[in-house]
Amino acid sequence: MTTTVPTNSGAGSPVPLSEELSELLERAVDGLQQVQETLAGLTRVLSPGPGGSAGNPGTTARRRAGGPALTRREHRVLTLVAAGLSNREIAQVENISDKTTKNYVHALLLKLGVTNRTKAAFTALSEGLVDPRECGRARTPAPRAGTPVPAPGVPGPRKPPGGGNR
C-alpha cells in the first residue's frame, strides 16, 4: 500500500506503508481530532462568559438545551456525580435509597453514552450539562427540613445524660 505522507515543506511524497501502520496513523489522527474537540468544549465551558465568570448559569442552561433530556432529579444526580459523590452519599443528600441512586446513575450513563461515572462527570462538565459551581456546593449538603440549625457561635442542642432514652 502506498500512502502520501506530508514532509516538512508541506508537499507530500508517496511512501509505502503497511496496512497496519496506515491504520494506526488513521486512528492516531482520529484520536487527535477528538482531543481537539474535547479541549474546544472545555475552553467554552471554562472561559468567562458575557457576565465575566466561567460557567455562568445562562450559558450552562443554553448548552443543556442541546444535550440529552434529563429530569430534574437526573440533573441533580448528575451534578452530584460530577462533584465526586459516591452512590451512598448521593442517596443521603437526595433522601433516596442506594438502589434508586444506582438506577439513576445507570440511566444517566445510558443517556450520556458513556461507560462509567468518571466519563459521565467529564461529559457533564465539558458539555456544560452541569454548573461547575453547583458541583462545588454539592459537597456541602444543606440541612434537611425540620433540622434545627444553631446560630453561628451558639452550640447545638445537648443530649441529656444517659443518652436521653428514658
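Ranked for footprinting exposure by Cβ neighbours inside 10 Å, fewest first, Thr38, Thr115 give Thr115, Thr38.
Sorted fewest first by neighbouring Cβ atoms within 10 angstrom, Ile90, Ile96 come out as Ile96, Ile90. Counting every other Cβ atom within 10 Å of each residue's Cβ, Thr71, Thr100 order from fewest to most as Thr71, Thr100.
Read-outs: derived from the displayed coordinates by stated rules, not from any lab. In this text the structure is predicted, and so the values were computed from the model without any measurement. Note that we place each Cβ from the backbone using ideal geometry, even for glycine, and neighbour counts take in every protein chain shown.
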